[in-house]
Amino acid sequence: MTAHTFDTEAIIAVVRKAGQLVTEMRQAGLHHVQSKSAVIDLITEADLASEALLRKELQQLYPEVGFWGEESNQPPTETFFWLVDPIDGTTNFANNLPHYAVNLALCQALPGQAALPIQAVTLHLPAHNVYWAVAGKGAYLRTPDGKEQRLQVNGAQQLNRSLLSTGFPYHRAETTDNNSVEFAYFMPRCQSVRCLGAAAMDFALVASGALAAFWEGWLGPWDAAAGVLLVQEAGGLVTDYQGNPWQLPGNRGVIGSNGQPDLHQALIDGIRIARAQLTESRLPI
């Protein structure tokens, strides 16, 4: 099996099927909204149903490929594996705020190296726009009417001309290391900072050029992997907070930008300066 074995259209069709299920369940009304790691970390019956559908359909397509979903959270041992967030932006979804996504990356683990995403599909709901990418072949947006365009990051070079986005961790009430100092640093120094509540879509919006950059700590690998490939294939750059290339599991903080050197360095520098105020760190060293 090679990276070229996989049928992009078949993968998109599976993600669309999960997206339709999620949409129908939202329209029918949710009955089981529960908490996971914290009271504000939500899971719904639609998260579980979406992951179950994706697992079943993808395993039927490619039985030898592993599966790593957010809700089951069993890291795979296979060379190729799916990395899946059945609903990214569950808080938005649970509150009927129309901005969430089904997020999928196909990853490949190479001998002696960290696994990397080689295909990505992010389905924006309830709009049903498909953002997809294949390593080395570009990133694209397909609208529900079938029209498609290649994605390209924007050209903002200075922080004060850049629209940014970010998000906050579920442990934000427990510690000062909760992205507040980073947010306070960047807000007066850029055009503005948006908090949209779905990291998968933050990456997609950087890839599309709507945002110049996105940063966030404590993302799960299922939150980031697809978006990392989207940004890279659209001409952008993704690193950790120290400026090292992003790699799984990606838990040292992530910066996805348009790749303009001065802007990306300003983001790295700003995070370092802001975090110097902290007396404790919740990020891995």
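Does any residue of the stretch 90-103 turn out to be buried (at least 24 other Cβ atoms within 10 Å of the Cβ), assigned to a strand (DSSP E or B) and among the polar types (S, T, N, Q)?
Within the stretch 90-103 (the criterion being buried (at least 24 other Cβ atoms within 10 Å of the Cβ), assigned to a strand (DSSP E or B) and among the polar types (S, T, N, Q)), the answer is yes, since at least one residue qualifies.
For the stretch 120-142, taking the residues that are under 16 Å from residue 21 (Cα atoms) and among the aliphatic types (A, V, I, L, M), the one that is surrounded by the fewest Cβ atoms within 10 Å (Cβ to Cβ) is identified as 127.
Is it the case that residue 283 is modelled with pLDDT of 95 or more, in a loop (DSSP other than H, G, I, E, B) and farther than 19 Å from residue 101 by Cβ? Answer is no for this residue. The sole residue among 71, 64, 57 that is part of a loop (DSSP other than H, G, I, E, B), of a type outside the set (Lys, Arg), surrounded by 15 or more Cβ atoms within 10 Å (Cβ to Cβ) and not assigned by TED's automatic domain parsing to the domain that holds residue 227 is 71.
For the stretch 160-192, residues that are among the β-branched types (Val, Ile, Thr) and either surrounded by 22 or more Cβ atoms within 10 Å (Cβ to Cβ) or assigned to a helix (DSSP H, G or I) (or both) total 1.
Set side by side, the residues 94, 120, 139 differ, and just one is at pLDDT below 95 and in the same structural domain as residue 34 (by TED's automatic domain parsing), which is 94. Residues of the stretch 239-285 that are among the charged types (D, E, K, R) and under 20 Å from residue 154 (Cα atoms): 262 alone.
Take residue 21 and tell me if it is over 22 Å from residue 249 (Cβ atoms), surrounded by 14 or more Cβ atoms within 10 Å (Cβ to Cβ) and either at pLDDT below 90 or not small (Gly, Ala, Ser) (or both).
On the way: over 22 Å from residue 249 (Cβ atoms): yes; surrounded by 14 or more Cβ atoms within 10 Å (Cβ to Cβ): yes; either at pLDDT below 90 or not small (Gly, Ala, Ser) (or both): yes.
The answer is yes for residue 21.
Considering the stretch 104-115, and only residues there that are modelled with pLDDT under 95 and surrounded by 16 or more Cβ atoms within 10 Å (Cβ to Cβ), the residue that is farthest from residue 30 (Cα to Cα) turns out to be 109.
Figure legend. Inter-residue proximity from the stretch 255-268: first residues free of Cβ contacts under 8 Å to residues at least 12 places away in the same chain and in the same structural domain as residue 217 (by TED's automatic domain parsing), second residues assigned to a strand (DSSP E or B) and crowded, with 21+ Cβ neighbours inside 10 Å, beta-carbon distance below 9 Å, spacing 6+ or different chains. Indicated pairs: 261/237.
Give the stretch 143-159 a look and list any residue that's buried (at least 17 other Cβ atoms within 10 Å of the Cβ) and either among the β-branched types (Val, Ile, Thr) or in a strand (DSSP E or B) (or both), or say none. If the condition is that a residue be buried (at least 17 other Cβ atoms within 10 Å of the Cβ) and either among the β-branched types (Val, Ile, Thr) or in a strand (DSSP E or B) (or both), then 153 is the only one that fits. On inspection, residue 163 qualifies as more than 19 Å from residue 50 (Cβ to Cβ), assigned by TED's automatic domain parsing to the domain that holds residue 197 and in contact (Cβ under 8 Å) with a residue 40 or more places away in the chain.
The values are calculated or read from the model by the stated rules, or taken from the named source; none is laboratory data. These numbers were taken from a predicted model, which means no experiment stands behind them. Neighbour counts are summed over all protein chains in view; Cβ atoms, including those assigned to glycine, are modelled from backbone coordinates with ideal geometry.
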